[in-house]
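The values are calculated or read from the model by the stated rules, or taken from the named source; none is laboratory data. Worth saying up front: this structure is predicted, and the values here are computed from it rather than measured. Every residue, glycine among them, receives a Cβ derived from its backbone with ideal geometry; neighbour counts consider all protein chains shown. For accessibility, only protein heavy atoms count, side chains too; no ligands or nucleic acids. Shrake-Rupley method; radii C 1.70, N 1.55, O 1.52, S 1.80 Å.
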Amino acid sequence: MHQEYTVIEGDFVNAGKASSSVKKTLKQLNVNPQVVKRVVVALYEAEVNAIAHAYGGKVIVDIDADKIHMVVADKGPGIPDIALAMQEGYSTARPEVRDMGFGAGMGLPNMQKNVDKMNVTSEVGVGTTVEMEVNFN
Amino acid sequence: MTLKEIVDKLGATVGLGADKLDREEEYCFASDLMSDVLTLKDTPVLVTGLCNVQTIRTCDMANLEVVIFVRGKRPTEDMVELADENDMILICTPYSMFKTCGILYGAGMKPLY
Ligand SMILES: Nc1ncnc2c1ncn2[C@@H]1O[C@H](COP(=O)(O)OP(=O)(O)OP(=O)(O)O)[C@@H](O)[C@H]1O
Ligand SMILES: [Mg+2]
């Protein structure tokens, strides 16, 4: 099953729509609730990052019988130092983002903890792509 | 402790789910940081001063169903609508975060950590 969603810069009202829809789909497919939570928490954090730190982008989800593959690709400033960004507590979030309850620098490390495979690629001035995979069993 | 007891102790009003106050809860977690809430493996009652749509979305992702908003913050219609879709219960207290947590802790609600 293939799904695509568009996320828009600064659109916090709709942040989480893609994750919410994926949650419904996985529930219908009777995926273990603990696994569903890991998937949607990771996807939601990635979605919020694309809205908060970049200029929006795309969420691409592919669901198989035994796993889910997720790509969140944005156009944005990119991440100059990915290893630094992955550290707990590191954040460059703007005040508007902090007002929305984000900017603790916990998103990327939490995504890493929740998924089975994660790959972040980024080019400064172009954008960032976060690829994640979670096995259902 | 039942949600009814919590509402009474906090001088609170119920923004959504007034028919579900018989529900028993044991654990509480207080935070205004949604990424912090997203690290929880359990599903405690959330005490927060952050009152916007992202609070509700975060609870949806984290499977949290009960939220206590402190300092007189009231959920907007959009928030209530989204929370209703997820069968949530929204409670509003005029008390501060500190006072709310003190009362709940004193009354026997347990921390996660
Ligand atoms: N898609 C992105 N584009 C550009 N920079 C990003 C992107 N995602 C993350 N970053 C950078 O990495 C930092 C750390 O991201 P992370 O998600 O861990 O924390 P945060 O978003 O700042 O706060 P939190 O996720 O806890 O709300 C960000 O503050 C930002 O500097
Ligand atoms: Mg983040």
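Here are a few things to note about the model shown:
- Residue check: A:Ala85 meets all listed conditions (1) within 17 Å of A:Ala15 (Cα to Cα); (2) within 14 Å of chain B (Cβ to nearest Cβ); (3) within 13 Å of ligand 2 (Cβ to nearest atom) but one, namely (1).
- Pairs, first under 14 Å from A:Leu84 (Cα atoms) in region A:106-119, second away from ligand 1 (no atom under 13 Å from the Cβ) and open to solvent by less than 20 Å² (accessible area, probe 1.4 Å), C-beta under 7 Å, six or more apart: none
- Cβ-Cβ contacts under 9 Å between residues 6 or more apart (or on different chains), taken from a first residue in region A:46-58 that is within 14 Å of A:Thr129 (Cβ to Cβ) and open to solvent by less than 10 Å² (accessible area, probe 1.4 Å) to a second residue that is within 8 Å of ligand 2 (Cβ to nearest atom) and assigned to a helix (DSSP H, G or I), are listed as A:Ala46/A:Gly107; A:Ala46/A:Leu108.
- Of everything listed in (1) modelled with pLDDT of 95 or more; (2) at the interface with chain A (Cβ under 10 Å from one of its Cβ atoms), the single unmet condition for B:Ser35 is (1).
- Leading residue by the ranking (most open to solvent (accessible area, probe 1.4 Å)) among those in region B:73-113 that are part of a helix (DSSP H, G or I) and acidic (Asp, Glu): B:Glu77
- Of all the numbered requirements in (1) in contact (Cβ under 8 Å) with a residue 12 or more places away in the chain; (2) touching an Asp or Glu at 6+ places or on another chain (Cβ under 8 Å); (3) within 16 Å of ligand 2 (Cβ to nearest atom), A:His69 misses one, and that requirement is (3).
- Residue list for region A:92-128, filter: more than 9 Å from chain B (Cβ to nearest Cβ), assigned to a loop (DSSP other than H, G, I, E, B), within 11 Å of ligand 2 (Cβ to nearest atom) and open to solvent by less than 80 Å² (accessible area, probe 1.4 Å): A:Ala93
- Restricting region A:44-70 to residues that are within 14 Å of chain B (Cβ to nearest Cβ) and in a helix (DSSP H, G or I) leaves a set whose member that is nearest to the chain's Cα centre (by Cα) is A:Ala46.
- In region A:15-43, the residues that are among the polar types (S, T, N, Q), part of a loop (DSSP other than H, G, I, E, B) and touching a residue at least 12 places away in the same chain (Cβ under 8 Å): A:Asn32
- For region A:32-42, the condition holds for at least one residue, the condition being that it is within 21 Å of A:Gly101 (Cβ to Cβ), within 12 Å of ligand 1 (Cβ to nearest atom) and within 13 Å of another protein chain (Cβ to nearest Cβ).
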